[in-house]
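The values are calculated or read from the model by the stated rules, or taken from the named source; none is laboratory data. Values in this document were obtained by computation on a predicted structure and should not be read as measured data. Positions of Cβ are generated from backbone atoms using ideal geometry, with glycine treated the same way; all protein chains shown enter the neighbour counts.
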Amino acid sequence: MPEETILNDDFLRELMNVGEVDLLVGVPTYNDARTVGQVVQAIRSGLLKYFPRQRAAIINADGGSKDNTQELVRAASISDMHHADNLYALRTLHCISTRYTGTPSSGTALHTIMAASDLLRANACAVISPDSTSITPEWIQTLLQPVVNDVNDWVTPVYRRHKFEGLLIRNLLYPMNRAVYSSRVREPYPTDFAFSGRFASHVAGLDTWSEEAARVGAEMYLTIAAITGKFRIVQTYLGPKSRGEGAPADLVAAMRRSVGTLFWSLDSTFNIWSADLDPEPVVTIGPEHELDPEPLRFNRKRLHDMFARGVGELEPVLRSILSHSTLCQVQQVASSPEGELGYTDELWAHTVYEFAAAYHKSVISRDHIVQALAPLYRGRTYTFLAENRDNSPEALESNVEALCLAFERSKPYLLEMWNGRK
Amino acid sequence: MPLPQDALWYKDAVVYQVHVRAFYDSNADGRGDFRGLAQKLDYLQDLGINTIWLMPFFPSPLRDDGYDIADYHSVHPSYGVLEDFKAFLDGAHQRGIRVIIEMVLNHTSDQHPWFQESRSSHDNPKRDWYVWSDTDTRYRGTRIIFLDTELSNWAWDPVSKQYYWHRFFSHQPDLNYDNPAVRETMWGVMKFWLDMGVDGFRLDAVPYLVEREGTNCENLPETHVIIQDFRRRLDEEYPGRMLLAEANQWPADLRPYFGGGNEFHMAFHFPLMPRMFMGLKLEDRKPITEILQQTPAIPENCQWCLFLRNHDELTLEMVTDIERDYMYDEYAKDRSMRLNLGIRRRLAPLLDNDRRRIELMNGMLMSLPGTPIVYYGDEIGMGDNVNLGDRNGVRTPMQWDGGWNGGFSTADPESLYSPLMLNPVYGYQAVNVQSQKRFDHSLLSWMKRLIRIRKSLAVFGRGSIEFLYPANHRVLAYVRQYGKDAILVVNNLSSSAQAVELDLRHYKGNILIEMFGRNIFPRIGDLPYLLTLGPYQFYWFRLRKI
């Protein structure tokens, strides 16, 4: 049983005290003292306001913070003595914190939370990122309600974003995930999400948690598990997500967590995605996408330079990953003057699929493959920003849709690459 | 058996609340009476209670089950005569049982001669004994208590062409306590019964004695002055007698009724009762610990009165809206079970006739700080009849045996004051004293044991309480201490088995002796004390340093 190894004795004792719950909210942390208190307070308020009768617990899985993160979480706990501000707690709301063993990773944290959810037989469970400072108590209702109603198993968020935020999702994760798995999940790499007890039981028992890709990119892995496991998926609109929140400081690390896991998942799910899949509509509660049209400044010159330099410096690596034709086209794009750079949808789809196939075949170190995609992604990002600089949200969304269609059209090419040469 | 002479006897009391009409009919007229009640004193003595609280037995039109009194100096003819009451009182005292009677100070029946005189003309000397007004707009800040039946606290009197004030039913006009003659007369009423030998009064509806414009007409300082005056006279002329307040208020608002130990001896803890039911349903100690934390300390000579059920609805006035909704949904899904702001059900049906929950609730009743009250019939698990109007469904005849009229009366069943419980679950053939007396493991036998153990140590009635807060919120644990005696009470509020670790380091070195079986449990050491409890199980441990 996986929970026997992942739940230490102290944590198990605390879970015994919590007992069976209806709802569980998990907060994975690592040195998040700056924001975690605010987030836990909002979670607590949301539980008290919208689920006053349900048995609930907040569980913090911490990777060994050195900045009092765990103490702050525990301080937000409601004991017999305390009330939440302006809210009345009908019953005890436990808020417990555990330090999981091993190196900090979202996968271990989420695995801990899911094992706890499974053990406490939670009917519905939400996970909130500790840096989601734009959280309101309504998020808790919005995320959990679709599960509480016993209809859905996996709830992903839809945020109101600036039109130039979430670029990796718009340019790669959403289009490729949609094309490969025929599921239109807008945020396949969510940081705030919810799931059913049924789903938690299924996932907590999987053997793949020990694998690096599942550990570092657990959010992506869970979305794919929900899709490929035929769990009922819904998207729900949460409202604005503060600018910069969750933005990866390190692009390569972010790509390892998301793109790397997406590529990795293709191996074990080949039988599923290689078949002719009927497109699975995903119901969205609230707006499907909301974009903030305010201008946002980007250093496009820097993007262009990094792209051009990367293609040049990584040519030997790219040669082992990309087909000759694709590499030539990429090099041609990279040599374009700044104002004329155009990384087209078709070329980008082919590039990504060739990287995926190379990852499958491990033509070089898989980690190097993901790293090598980073400069090309910068080139694609440059094109996206340039194309949509003056676009309305609707026009931008139309461009995203066109990219998705390009990925879908190119799916046979992925299969060809997968099975074919190199 | 002589009555113990301790002035604080009420702290050690286990009270049995009974309605004369409902208990035993000695003359086959279909209504219980004092002679019948006297015949059942041996039963009550055997049960182990040491105090009886009698509901109103005065002459009355009985439009509010006797709380509409038409004569304060006599006994309702259905229940006998004064001599019968006296004989019952003597019989109780001979068995070491004290008797508390109801005293409805706030209002009379509109059939009371005082009111008849008062309404007869504006010049009548008793006109000012009640609260009259030309308009129905005075005291607008006052809530209506019987929301289901009354639209206003004022009622038009067509005889004297004025409105009169009533906090309860419109046929219950409030007495005017601003009138010294009323105060003197009511003290005279109390003296009448004290001279006869009653041991105390349960004073009904005390917060409402006085009205003042611009207030909510509850808990006013003038009311406290009146109570203090009654108490002073009581202590001077009848030492050792007791006043019990019926004031359905929050603990902080109730606290003034104890004054500095110079108002009431006891007061009902109304907010605790619904929270015990809530805690049980939520499987969470929070509602109970929370309300007891909010309960202020009271003077040494005072005591809270605790109860699970009584003759009224399970009142939900002293809960928040969210708690009330929860209670309704969990305990009164059928809307016919709801009345005013409460639930008109008995203990056993409220707890789904689950013996474990009934025992747990009684265990808490007997071990939390205060004097417990057992409502007649709850010791055998009687049911209720929500098809009867008002609160009559919880006032059906006591079920003595499985024979004619459940042993309550030899009258024709059709002539009983109330239909008997007949259904196969709660009917008198299934639930009755005689059948439960035959078995050691019946609820009745268990209640006797519980009361006997409760009475064996003064710590239950007089001890302090220290809540333990184990991490398992389903477990309610506390230590009661009085002098050298200490008991540990551990209650599992949940429907499943629980493990709990108790921090008992303060009691290190003590052994635990389980009070029902007298078995010894391991000595307390430095480590958390681990206990496991079955569903709804509770323990009473005596802590002994041997």
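Before moving on, here are some points about what is shown:
- Selection count where residues are surrounded by fewer than 21 Cβ atoms within 10 Å (Cβ to Cβ) and not in a helix (DSSP H, G or I), scope the stretch B:327-337: 2
- The listed residue being of a type in the set (D, E, K, R) and in a loop (DSSP other than H, G, I, E, B), out of A:Glu165, A:Glu138: A:Glu165
- Spans of helices (runs of 4 or more DSSP H) in the stretch B:158-262 with at least 1 residues modelled with pLDDT under 95, buried (at least 18 other Cβ atoms within 10 Å of the Cβ) and of a type in the set (A, V, I, L, M): B:251-254
- Qualifying residue in the stretch A:25-34 (condition: more than 26 Å from A:Gln141 (Cβ to Cβ), of a type outside the set (A, V, I, L, M) and in a loop (DSSP other than H, G, I, E, B)): yes
- Tally, over the stretch A:40-62, of residues that are surrounded by fewer than 24 Cβ atoms within 10 Å (Cβ to Cβ) and either more than 14 Å from every other protein chain (Cβ to nearest Cβ) or of a type in the set (Val, Ile, Thr) (or both): 4
- B:Tyr10 being surrounded by 24 or more Cβ atoms within 10 Å (Cβ to Cβ) and closer than 30 Å to B:Ser456 by Cα: yes
- First in the stretch A:164-191 and within 17 Å of A:Gly217 (Cβ to Cβ), second anywhere and aliphatic (A, V, I, L, M) and part of a loop (DSSP other than H, G, I, E, B), Cβ under 6 Å, 6 or more apart: A:Val185/A:Val282
- Residues located in the stretch A:144-162, provided they are in a loop (DSSP other than H, G, I, E, B) and either more than 18 Å from the chain's Cα centre (by Cα) or on the phi > 0 side of the Ramachandran plot (or both): A:Asn149, A:Asp150, A:Val151, A:Asn152
- Any hit, the stretch B:452-462, residues being more than 14 Å from chain A (Cβ to nearest Cβ), closer than 25 Å to B:Ile343 by Cα and among the hydrophobic types (A, V, I, L, M, F, W, C): no
- Those residues of the stretch B:428-443 which are within 18 Å of B:Pro397 (Cα to Cα) and either among the hydroxyl-bearing types (Ser, Thr, Tyr) or touching a residue at least 40 places away in the same chain (Cβ under 8 Å) (or both), in sequence order: B:Tyr428, B:Val431, B:Asn432, B:Val433, B:Ser435, B:Gln436
- The stretch A:86-115, subset part of a strand (DSSP E or B) and of a type outside the set (D, E, K, R), residue nearest to A:Val216 (Cα to Cα): A:Thr98
- Given (1) modelled with pLDDT of 85 or more; (2) more than 21 Å from A:Thr103 (Cα to Cα), index of the condition A:Tyr88 fails: (1)
- Subset of the stretch B:338-354 [more than 17 Å from the chain's Cα centre (by Cα) and farther than 17 Å from B:Arg275 by Cβ]: B:Arg338, B:Leu339, B:Asn340, B:Pro349, B:Asp352, B:Asn353, B:Asp354
- Contact annotation: residue pairs with Cβ atoms under 9 Å, 6 or more positions apart or on different chains, pairing a residue in the stretch B:372-392 that is without any contact (Cβ under 8 Å) to a residue 40 or more places away in the chain and surrounded by fewer than 20 Cβ atoms within 10 Å (Cβ to Cβ) with a partner that is among the β-branched types (Val, Ile, Thr) and not in a strand (DSSP E or B), are B:Leu388/B:Val394; B:Leu388/B:Thr396.
- Selection from the stretch A:136-162 of residues that are touching an Asp or Glu at 6+ places or on another chain (Cβ under 9 Å), closer than 28 Å to A:Asn8 by Cβ and β-branched (Val, Ile, Thr): A:Val147
- Count - residues of the stretch B:310-324 that are at the interface with another protein chain (Cβ under 9 Å from one of its Cβ atoms) and within 23 Å of B:Tyr536 (Cβ to Cβ): 1
- Test: A:Ser183 is surrounded by fewer than 23 Cβ atoms within 10 Å (Cβ to Cβ) and either modelled with pLDDT of 90 or more or under 16 Å from the mean Cα position of the chain (by Cα) (or both): yes
- Of all the listed residues (A:Arg53, A:Arg13), the sole one being over 25 Å from the mean Cα position of the chain (by Cα), free of Cβ contacts under 8 Å to residues at least 24 places away in the same chain and outside any strand (DSSP E or B) is A:Arg13.
- Qualifying position, being more than 14 Å from every other protein chain (Cβ to nearest Cβ) and within 18 Å of B:Leu543 (Cα to Cα), among B:Lys437, B:Lys484: B:Lys484
- Breaking point among (1) surrounded by fewer than 21 Cβ atoms within 10 Å (Cβ to Cβ); (2) within 29 Å of B:His19 (Cβ to Cβ); (3) touching a helix residue (DSSP H, G or I) at 6+ places or on another chain (Cβ under 6 Å), for B:Arg324: (3)
- Whichever residue in the stretch B:519-537 is among the polar types (S, T, N, Q) and within 21 Å of B:Arg285 (Cβ to Cβ) and, among such residues, is farthest from the other protein chains (Cβ to nearest Cβ): B:Gln537
- Residue in the stretch B:145-156 that is acidic (Asp, Glu), closer than 28 Å to B:Arg344 by Cβ and within 30 Å of the chain's Cα centre (by Cα) present: yes
- Residues within the stretch B:493-518 that are within 11 Å of chain A (Cβ to nearest Cβ), under 13 Å from B:Phe538 (Cα atoms) and surrounded by 13 or more Cβ atoms within 10 Å (Cβ to Cβ), tallied: 7
- Here A:Asp390 meets the list (1) in a helix (DSSP H, G or I); (2) more than 22 Å from the chain's Cα centre (by Cα) almost entirely, failing just condition (1).
- Of the residues making up the stretch A:306-324, not a single one is within 14 Å of A:Asn171 (Cβ to Cβ) and under 23 Å from the mean Cα position of the chain (by Cα).
- Top-ranked residue in the stretch B:284-309 [being in a loop (DSSP other than H, G, I, E, B), buried (at least 22 other Cβ atoms within 10 Å of the Cβ) and out of contact with any Gly (no Cβ under 8 Å at 6 or more places or on another chain); ranked as farthest from the other protein chains (Cβ to nearest Cβ)]: B:Arg309
- Residue selected from the stretch A:12-39 under the condition over 27 Å from B:Glu501 (Cα atoms) and out of contact with any Asp or Glu (no Cβ under 6 Å at 6 or more places or on another chain), by the criterion farthest from the other protein chains (Cβ to nearest Cβ): A:Arg34
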